[in-house]
Amino acid sequence: MPIESRRDAGTLIIQTEERVDSANAQAFYQELDSAIESDDKAVVMDMERLAYISSAGLRVILQTARKLQQQNAKFAICSLSGTVREVFEISGFDRVIDIHSSQEDAVAAVNG
Amino acid sequence: MDDAAGAYRILVVDDEPDLEPLVLQRMRRSIRSGQYQFVFAQNGVEALQKLGQDSNIDMVLSDINMPQMDGLSLLEHIPDVAPDTRSVIISAYGDMKNIRAAMNRGAFDFVTKPLDFDDLRVTIERTLNNLDAWRQAESSRLRLAAIESELDVASKMQQSILPTEFPESRHYEICGNMTPAREVGGDFFDILNLENGCVGLAIADVSGKGVPAALFMMASRTLLKGTAIGLYDPGKVLGEVNQLLYDDNEAMMFVTLLYAVYDPERRSLTYANGGHTLPVLFHADGTHTILPSTNGIALGVMSGAEYEQATVSCSPGDTIVFYTDGVTEAFNNEGEEFGMDRLLQIFESAPGNCRSTIDAIFNTVSDFAGDAPQFDDITCLALRCSDH
């Protein structure tokens, strides 16, 4: 399932797909790349649907975070399932990516 | 305007001098619009000369009966001079014998005399369409071959950095193995001989695929080796390697890397972790401990990242299994994940020697996955502590 995105009061909210592994990481990156405009200043990635992410998927999140940093946009992710949160914790990515439990908190964080 | 860069070039071969003005006259619209260009030859010999000099000829339209070299002999020689062209034969009406002979020699189609130019236009178009489709297929085939050869290069690089021999010692035993995924992941492991009889063990998983990932893997492995030989503390080693990788990382790659130093004198293992799955210590009594987390981020991601280290003591007969997520995240055809529990179950009775430990893990994962495609490299490294 591809990503879905919408803009709500200046915040781009992206719903991720169910699974990101090395087989679809490149497509995931391209979908994110076309969803994010160069003038977006607040982006939230909602991972409620995400059941599995591999290291290839983590790299896409990292590339996206770096790209948004370069355009001075704030970026946060939210609604991680237990296993996905574990992947972020084990890899240490929870230290470089802003993680929130709910979409409301994440939206508030990128607009703060 | 450029010399009709997009035009198809058609070589017309006939000994009748009347054909040239006729073709130029009847095909003038297609010539003027830049669709076709015509070149002419009087016989097979001259045709081969033209084909040899002009590599842009797409199609040959040739009569059969000509002096010096006839159309059938010409057909036989065309593949040597211009393999990437299509030939159409002009034959006498009803001359099935020569038409069959021409087709058997590789002609794509034929037209009959007297020339019907409407039919000729359709034949030319069909011939050139076929040529275009073939050229497209050929270029995809070449691209695919390039991708395959890139994967092949990456795979060779990966295989070349894995240790093929395992150290032999009275104090410990080490064994490791990797099964690469079809599309080449980025797992590697390494074993380093350090001072005072200590041994360094590393297991790692580079994000990404193909040659860029393989190059990052080579860099990680080389930097780790260089750093580990001068510095003892695994935490400091990872800090150093992280910075070196971070400073030159345009492609935003990263590597999860767990590095441990085993001191056989003290029978202790000191380790630091850059975002990798934690090893499991299987005790001689059949129980197990997952090594405590030391909080470290994958290498190459964060400038100035620091890595804590921890030390565990081992008893004789203890086995420490280092692995990559390719083990626990192997899937079967039902979409189930191998998972941590199945890994732990393998050693409900204490593991034996290192080789059998590694074999047991690979066999169990392989039996579980069946013929489901393997998306990630599967890598394991085991250290078994012996008596002094």
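The values are calculated or read from the model by the stated rules, or taken from the named source; none is laboratory data. What you see is a predicted model; the values in this text were computed from it and never measured. Methodologically, a virtual Cβ is constructed for each residue, glycine included, from the backbone with ideal geometry; neighbour enumeration extends over all protein chains shown.
Taking the criterion of being touching a His at 6+ places or on another chain (Cβ under 9 Å) and either under 17 Å from B:Leu291 (Cα atoms) or of a type in the set (D, E, K, R) (or both), would at least one residue in segment B:330-345 satisfy it? Within segment B:330-345 (the criterion being touching a His at 6+ places or on another chain (Cβ under 9 Å) and either under 17 Å from B:Leu291 (Cα atoms) or of a type in the set (D, E, K, R) (or both)), the answer is yes, since at least one residue qualifies.
Can you name every residue in segment A:6-25 that is in contact with a strand residue (DSSP E or B) (Cβ under 7 Å, 6 or more places away or on another chain), surrounded by fewer than 17 Cβ atoms within 10 Å (Cβ to Cβ) and either in contact (Cβ under 8 Å) with a residue 60 or more places away in the chain or within 11 Å of A:Asp46 (Cα to Cα) (or both)? Correct list: A:Gly10 only.
Would you please name the residue that is nearest to B:Gly197 (Cα to Cα), looking only at residues in segment B:250-272 that are in contact with a helix residue (DSSP H, G or I) (Cβ under 8 Å, 6 or more places away or on another chain) and within 13 Å of another protein chain (Cβ to nearest Cβ)? Give the steps one after another, and end with the answer.
Start the filter on segment B:250-272 by keeping residues that are in contact with a helix residue (DSSP H, G or I) (Cβ under 8 Å, 6 or more places away or on another chain), which leaves B:251-257, B:259-261, B:263-265, B:270-272.
Adding the requirement that they be within 13 Å of another protein chain (Cβ to nearest Cβ) leaves B:251-257, B:272.
Working: B:Ala251: 38, B:Met252: 37, B:Met253: 34, B:Phe254: 31, B:Val255: 28, B:Thr256: 26, B:Leu257: 23, B:Ala272: 20 Å.
Across segment B:250-272, the extreme among qualifying residues is B:Ala272.
Is it true that some residue in segment A:79-101 is touching a Cys at 6+ places or on another chain (Cβ under 8 Å), small (Gly, Ala, Ser) and at pLDDT 95 or above? Break it down stepwise before answering.
Residues of segment A:79-101 touching a Cys at 6+ places or on another chain (Cβ under 8 Å): A:99-101.
The next check asks that each one be small (Gly, Ala, Ser); those that pass are A:101.
Checking the rest, the ones that are also at pLDDT 95 or above come to A:101.
Yes, that holds for at least one residue.
Among the residues of segment B:309-352, those that are modelled with pLDDT of 90 or more and in a strand (DSSP E or B) comprise B:Gln309, B:Ala310, B:Thr311, B:Val312, B:Ser313, B:Thr319, B:Ile320, B:Val321, B:Phe322, B:Tyr323.
Residues that are surrounded by 15 or more Cβ atoms within 10 Å (Cβ to Cβ) and of a type outside the set (Val, Ile, Thr), at least 2 per element: which strands (runs of 3 or more DSSP E) completely within segment B:246-301 meet that? Don't jump to the end; show me each part of the working.
Working: elements: B:255-263, B:268-274, B:280-282, B:288-290.
It comes to B:255-263, B:268-274, B:280-282.
Considering segment B:160-188, and only residues there that are at pLDDT 90 or above and within 14 Å of chain A (Cβ to nearest Cβ), the residue that is nearest to B:Leu383 (Cα to Cα) turns out to be B:Phe188.
Give B:Asp54, B:Asp58, B:Asp18 a once-over and let me know the one that is buried (at least 21 other Cβ atoms within 10 Å of the Cβ) and over 18 Å from B:Asp119 (Cβ atoms). So that I can check it myself, show each step before the final result.
Values: B:Asp54 fails: buried (at least 21 other Cβ atoms within 10 Å of the Cβ); B:Asp18 fails: buried (at least 21 other Cβ atoms within 10 Å of the Cβ).
When all the criteria are applied, what remains is B:Asp58.
A single member of B:Gly200, B:Gly208 is touching a Lys or Arg at 6+ places or on another chain (Cβ under 9 Å), at pLDDT below 95, not hydrophobic (A, V, I, L, M, F, W, C) and not in a helix (DSSP H, G or I), and it is B:Gly208. Restricted to segment B:175-206, and to residues there that are within 25 Å of the chain's Cα centre (by Cα) and hydrophobic (A, V, I, L, M, F, W, C), the residue that is surrounded by the most Cβ atoms within 10 Å (Cβ to Cβ) is B:Val206.
Let's see how each residue does on (1) among the hydrophobic types (A, V, I, L, M, F, W, C); (2) assigned to a helix (DSSP H, G or I); (3) within 21 Å of B:Asp109 (Cβ to Cβ):
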residue	(1), (2), (3)
B:Val12	yes, no, yes
B:Glu16	no, no, yes
B:Val60	yes, no, yes
B:Gln68	no, no, no
B:Leu72	yes, yes, yes
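When you scan segment A:70-86, do you find a residue that is aliphatic (A, V, I, L, M), farther than 27 Å from B:Asp377 by Cβ and buried (at least 19 other Cβ atoms within 10 Å of the Cβ), even just one? Yes, segment A:70-86 contains a residue that is aliphatic (A, V, I, L, M), farther than 27 Å from B:Asp377 by Cβ and buried (at least 19 other Cβ atoms within 10 Å of the Cβ).
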